[in-house]
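Written out below as structure tokens is the structure these notes cover.
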Amino acid sequence: MESKTIRFVRRGELVSLTNVPPDRTLLEVLREDLQCTGTKEGCGEGDCGACTVVLAEPGPHGALEYRAINSCIRLAHSVDGMALWTVEDLAGADGSLHPAQEAMVRCHGSQCGFCTPGFVMSLFGMYQNHVCKGEAVTRELAQEELSGNLCRCTGYRPILDAAQEMENLPRVSVDEQAVIAQLEQLRARRELVPSSGTYLDPRSLPELLALRARHPQAQVVAGCTDVGLWVTKMHMQFPQVLDVTRVAELKQVERYDHHVAIGAAVTLTDAFEALVADRPQLKTFANRFAGLPVRNSGTLGGNVANGSPIGDSMPLLIALGAHVVLMSERGHRDMPLEDFYTGYRKNVLAPDEVVAWIKVPKPADGEFLRAYKISKRYDDDISAVCLVVNARIQDGVVAHVGIGAGGVAATPVRAVKTEAALRGQPWTLDAAKAATATLRSEFQPISDMRASAAYRSEVLGNLMQRFWLETQGLQHINLESFRLAEATTP
Amino acid sequence: MNAPEKFLAGTAVAPATGTSHIHESARAQVAGAATYIDDIAEVRGTLHAAPILSSVARGKLRGVDASEARTMPGVKGVILAQDIPGDRILATFTHDEPVFAFDTVECIGQVVGVVVADTVMQARRAARKVKVDIEPLPAIVDVREAVKAQSFVLPPVTVRRGEPEQGIARAPHRLSGSLDVGGQEHFYLEGQVGYALPLEQDNWWIYSSTQHPAEVQHWVAHALGLENHAVKVECRRMGGGFGGKETQAGHIAVWAALAANKLKKPVKLRLDRDDDFMVTGKRHPFAYDYEVGFDDDGKVTGLKLVLAANCGWSADLSGPVADRAVFHVDNAYFLGDVEIVSYRCKTNVQSHTAFRGFGGPQGMIVMEAILGDIARALGKDPLDVRRANFYGIEERNVTHYQMTVEDNILDPLVARLEETAEYRRRRDEIAAWNARSPVIKRGIALTPVKFGISFTATFFNQAGALVHVYTDGSVQVNHGGTEMGQGLHTKICQIVADELGVPFHKVRISATDTSKVPNASATAASSGTDLNGRAAQFAARQVRQRLADYVAEKQNCRPEQVIFANGQVSGPDAVISFEQLVDDAYHSRVQLWSDGFYRTPKIHYDKHTLTGRPFFYFAYGAACSEVAIDTLTGESRVLKVDILHDAGTSINPAIDIGQIEGGFIQGMGWLTTEQLVWNEKGYLATHAPSTYKIPATGDVPEHFHVELWHEANREDNVGGSKAVGEPPFMLAISVWEALRDAAAAARPDGRVHMDAPATAENVLKALQA
């Protein structure tokens, strides 16, 4: 089987690559095939950000949307039809540095320099998405958007300074109209050819379902933030790949009266944005999901389909009562998310089926929602324990409660017994204590490198206590939102 | 002609040293144009290697079956111990480490051989298909178990002064306890890499991401059965080192060279990050037992301390690391009657190695823990107890290893930080706040650092450099030090620029190269600038002297009257540009290049008793850290950090502050989020950044303030500066002490036992124990 030609726009030029295997990463193509060694490999698993590059394609309103992503775990074929910037592409023809670069130099943000290209590209993404739109880069924003880039030399302070310094330098802008025109040419050319060969990237849902039925052995990928590691770390090879991220229908977030439907190809960044729009208290939780480059590539559908017991979106979705919609040419199935899983990384998907939508109910009046994540590091870590509690207390009684938990079983789970114990009960300290005990007894977590079983069990219950305290209006009891200002005014 | 006075008064510019020049490679680094080993354009025919790892912690190696691997696409060969033409044991000091395992394996991740293929991924896939037949034997993973079994890589060492037993027995107060402090993965962003190119007549060109090119040269020659002159090792820069590329880079280079030797092709070996974790050594985890007596002021009257270093399966640098831990148990404190027993334990895990601080942090932390505990036992402010134990100026000024502390600035330095950080006011305010806060507790600690500067292996304290002035007046410097991001090359350009009186941009550094400056020591022990900066300064000075002699002869003056500044050279009669002078001198056949050599004065010590003057001087610093913990989960955050650090007369303040901030955050990682977890089989479960968490942007304290202590080094060190690479690392002990302070606030008994790192789990445990 032939693989299709990869075409993307870089430095104002059209780049065409042929005979690229379907499982070759973008970083390999950059460093080995194109001999552009400015982009570095630090970890090969999307955790350090040294390989960060920026992709852009027109968004729903036609303007370019810029996304910093990890090239080490991104399949090269997935950038077909996009514009790509690497660290080599920012400086002017005369060698003048881009503000993202100049600010790093001036602020002494580069020591050993190995993480630097990745930071520069994350800064470039921030520059396009914020500075060029007239938005100030605050310290907080810089910390959030650089959370997927690790530096071992500087201690970050000078890099955070650089992020804020960019806007003080003479503005440099991308000729967006030219890029958009080039991308439009690529799109037109692409539409003439149906998806075939070793890398299948259908553009419509019917096309996807037909290909899935015809190629049940093909490896389905979305943002590749997990499957990419199967390639780089487990050395798996895929003769054929089915990429769902170009399916127009699945790239949508649709709002209905009672729920939001998030397509399986919607990135985690956009999916969380939709969830946070309805429930602003989830903003920090969303920002703590991996680092920005992973959120920019990975999809909510991928996180759900992948079904890791420590995947962080599922406890939330379960607590919110989300449903997952599976589709095949035979029709669709709709089920509560927790019913999707049958065991450790096992689910009910048939060979010809794909995850198509995640339906998340809108907030109910009086809903009290808290999402707790315990991890070794605050940002860009996977939780040891995750607990999400969504309760509606009416007249002092638990009218409704949804509890999702991660890190405590072989799959993400609903705390069915604890929910049952609470439902219809008066919401009192005793009820909370009872819920704490039930929650601890409901799961038998394991010990691993993230935490011991005893700790997981203990904290699971303690998080229920935290939830109780928060429903009682206690402030400043969660370090997630704890700042110096709170420290001085209890 | 311009008179020199007029010229100097009119256009004087600041000298290069003392200013915050940007890193000499910064502009290339931000443009992706700075070359690391894996970025070098590959020579035609280059093959790629991947290691075959032991999956058993200890066992008899019965055989290696690579038949399947050999049939895989692209595979060109499998290299094992029998393919080593030279010594099968690496040329380490203790000569205890096989190049490739044979007969036995001693840790999971020990390298048995390498597979070579056309591409990296082909080699890695095939390496996993090699079947290594191992008969498992009982293994020791835990360091305390190793002590019990008397399993050592080197014999124990005891340092003793006075009568500690009596000091403890007679004391009005006594405490005893134990502590466990975890190791640390270097996590240099650039993984280990070596690239071996066979040249004509059995000569070799090795590109290695190494802090110690001369050792790589020596090891490669030894393994290939060649003399050192056949091997040239080059390193322009590393993507981070932190000690992890002091000895560990040598293994990679040797493996690549052995493969290249067998296949007669250039071979590159770049470790995958997971393999890097599994193969290479880390900071030594330590276990401690102590007994201390103290008076009503908290002054230590007697201390008995056992330090058990988990060295892993071979000695590597464990001897000197454990020595430095012994040397730094005192930190800033006078220990009159003391006994320190140091065990160098052999366990079946990775062979632990150098890491920023080199045992110093592991020595200091236990003393800080003891003083914190003493303060809580007495109900005193920990800073008061620390201060009561500080070294004196005229008395109480001799260390337990018999070195007089001559440059003590602890009192004024700590007093100033105490004031600027408002330590006392905040301590009171935090206590009041804690009383009102049911879930979150805050803590604060101010801890000092006194760190000895010099390699403890005295002979390492030497350096060489070459300064070449070309006929156009441009200058190239080469020295034995390596650049790993610490700004060494930048500082040396500054030093040489000032010595020759030329602007910074006139001076360039070339890659570190064993064929230019031979026998160079590792760039380690914070000594890079002290040693190589002085050597380069001396080299430049010799060139300047020759030029001054030349001018003096022409202008009929004394050479001292010739002044080099601002790119101009002035004698009593005339001022000419440096370029013009150089060109004239060349045509008059004046030698325009020179070598320079430096060895550190004053130092000596007896390595058997660990007594003498191992250090030329001490670097000082102090940090005040404030933290908050969540008593429900054990989670913590570092809120506020103030640092005052002694870098002497700073050659480059921006670089020095960068070292202080970076060292502090790295130390904070060691003591908070960075946890290495080996399972009972000796398998390192945290072998990737997904599970091993170094600090990220969100961990930077909201308030993070660093100031330099402005006082020249009292010893004659280059430019009056002090070494700055390692000392700030230990400022982070303040974070750990602040966490213990917060934990104590949440306990009714006010006591706290907490192992490091202070993960959420360990903090919660400390609250409940």
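The values are calculated or read from the model by the stated rules, or taken from the named source; none is laboratory data. Here the structure is a predicted model, which is why all the values come from computation and not from measurement. Virtual Cβ from ideal backbone geometry, glycine too; neighbours counted across all protein chains shown. Side chains included, ligands, DNA and RNA excluded: accessible areas come from the protein's heavy atoms. Shrake-Rupley method; radii C 1.70, N 1.55, O 1.52, S 1.80 Å.
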(message) From the list B:G667, B:G662, B:G634, B:G698, exactly one residue is of a type outside the set (A, V, I, L, M), open to solvent by less than 20 Å² (accessible area, probe 1.4 Å) and assigned to a loop (DSSP other than H, G, I, E, B). Which is it?
(response) B:G634
(message) Residues that are touching a residue at least 24 places away in the same chain (Cβ under 8 Å) and open to solvent by less than 40 Å² (accessible area, probe 1.4 Å): list the strands (runs of 3 or more DSSP E) wholly contained in segment A:325-376 that include at least 2 such residues.
(response) A:341-343, A:354-361, A:367-374
(message) Restricting to segment A:299-322, give me the number of residues that are in contact (Cβ under 8 Å) with a residue 40 or more places away in the chain and not in a helix (DSSP H, G or I).
(response) 9
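Conditions (1) within 14 Å of another protein chain (Cβ to nearest Cβ); (2) under 30 Å from B:W678 (Cβ atoms); (3) among the acidic types (D, E), marked per residue:
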residue: B:Q201; (1), (2), (3): no, no, no
residue: B:S209; (1), (2), (3): yes, yes, no
residue: B:H212; (1), (2), (3): no, yes, no
residue: B:A221; (1), (2), (3): no, no, no
residue: B:L224; (1), (2), (3): no, no, no
residue: B:Q248; (1), (2), (3): no, yes, no
residue: B:G298; (1), (2), (3): no, no, no
(request) Look at segment A:56-80 and say how many of its residues are assigned to a loop (DSSP other than H, G, I, E, B) and modelled with pLDDT of 95 or more. (result) 5
(request) Quickly run through segment A:120-166 and pick out the residues that are of a type in the set (D, E, K, R) and more than 10 Å from chain B (Cβ to nearest Cβ). (result) A:K133, A:E135, A:D161, A:E165
(message) I want to confirm something. Restricting to segment A:154-191 and keeping residues that are in a loop (DSSP other than H, G, I, E, B) and among the β-branched types (V, I, T), which single residue is surrounded by the most Cβ atoms within 10 Å (Cβ to Cβ)?
(response) A:T154
(message) under 30 Å from A:H61 (Cβ atoms), touching a residue at least 60 places away in the same chain (Cβ under 8 Å) and over 28 Å from the mean Cα position of the chain (by Cα): which single residue out of A:L186, A:L169 fits that description?
(response) A:L169
(request) Please find, within segment B:199-241, the residue that is surrounded by the fewest Cβ atoms within 10 Å (Cβ to Cβ) out of those that are more than 27 Å from the chain's Cα centre (by Cα) and in a loop (DSSP other than H, G, I, E, B). (result) B:E227
(request) Out of the residues in segment A:40-78 that are crowded, with 24+ Cβ neighbours inside 10 Å and among the basic types (K, R), state the one that is nearest to A:K233 (Cα to Cα). (result) A:R74
(request) Among the numbered conditions (1) in contact (Cβ under 8 Å) with a residue 12 or more places away in the chain; (2) open to solvent by 60 Å² or more (accessible area, probe 1.4 Å), tell me where B:I79 comes up short. (result) (2)
(request) Could you identify the single residue in B:A723, B:A712, B:A622 that is in contact with a strand residue (DSSP E or B) (Cβ under 6 Å, 6 or more places away or on another chain) and in a strand (DSSP E or B)? (result) B:A622
(message) Can you pull out every residue in segment B:670-695 that is open to solvent by 10 Å² or more (accessible area, probe 1.4 Å), within 8 Å of chain A (Cβ to nearest Cβ) and touching a Leu at 6+ places or on another chain (Cβ under 8 Å)?
(response) B:V677
(request) Name every residue in segment B:712-748 that is among the acidic types (D, E) and under 27 Å from B:V329 (Cβ atoms), in order of residue number. (result) B:E715, B:E726, B:E737, B:D741
(request) Name the strands (runs of 3 or more DSSP E) wholly inside segment A:225-283 in which the number of residues that are open to solvent by less than 10 Å² (accessible area, probe 1.4 Å), in the same structural domain as A:P293 (by TED's automatic domain parsing) and at pLDDT 95 or above is 3 or more. (result) A:241-243, A:259-263
(message) Looking only at segment A:172-218, count every residue that is among the hydrophobic types (A, V, I, L, M, F, W, C) and modelled with pLDDT under 95 and tell me the total.
(response) 4
(message) Could you check segment B:13-25 and list, in sequence order, the residues that are more than 8 Å from every other protein chain (Cβ to nearest Cβ) and closer than 23 Å to A:G95 by Cβ?
(response) B:H21, B:E24
(message) What's the total number of residues in segment B:386-410 that are assigned to a loop (DSSP other than H, G, I, E, B), surrounded by 20 or more Cβ atoms within 10 Å (Cβ to Cβ) and more than 25 Å from the chain's Cα centre (by Cα)?
(response) 1
(request) Scan segment B:37-69 for residues that are open to solvent by less than 50 Å² (accessible area, probe 1.4 Å), touching a Phe, Trp or Tyr at 6+ places or on another chain (Cβ under 9 Å), more than 9 Å from chain A (Cβ to nearest Cβ) and not polar (S, T, N, Q) and report the count. (result) 6
(request) Name every residue in segment A:426-457 that is at the interface with another protein chain (Cβ under 10 Å from one of its Cβ atoms), assigned to a helix (DSSP H, G or I) and either touching a helix residue (DSSP H, G or I) at 6+ places or on another chain (Cβ under 7 Å) or of a type in the set (K, R) (or both), in order of residue number. (result) A:Y455, A:R456
(request) Output the number of the condition that B:G648 fails; it satisfies all remaining conditions of (1) facing chain A (nearest Cβ under 10 Å); (2) open to solvent by less than 10 Å² (accessible area, probe 1.4 Å); (3) not aromatic (F, W, Y). (result) (1)
(request) Kindly provide the set of residues from segment B:717-742 that are more than 14 Å from chain A (Cβ to nearest Cβ), aliphatic (A, V, I, L, M) and over 19 Å from A:R377 (Cα atoms), ordered by number. (result) B:V718, B:A723, B:M730
(request) Please go through segment B:651-668 and pick out each residue that is at the interface with another protein chain (Cβ under 7 Å from one of its Cβ atoms) and among the small types (G, A, S). (result) B:A654, B:G658, B:G662
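Here's the yes/no breakdown for (1) within 14 Å of chain A (Cβ to nearest Cβ); (2) modelled with pLDDT of 95 or more; (3) under 28 Å from A:A162 (Cα atoms):
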| residue | (1), (2), (3) |
| --- | --- |
| B:R27 | yes, yes, yes |
| B:T35 | yes, yes, yes |
| B:T71 | no, yes, no |
| B:G74 | yes, yes, no |
(request) Working only within segment A:470-489, note down all residues that are open to solvent by 30 Å² or more (accessible area, probe 1.4 Å) and within 7 Å of chain B (Cβ to nearest Cβ). (result) A:H476, A:R483, A:L484
(request) May I ask you to say which residue of B:A536, B:A520, B:A623 is in contact with a helix residue (DSSP H, G or I) (Cβ under 7 Å, 6 or more places away or on another chain) and under 30 Å from B:I444 (Cβ atoms)? (result) B:A623
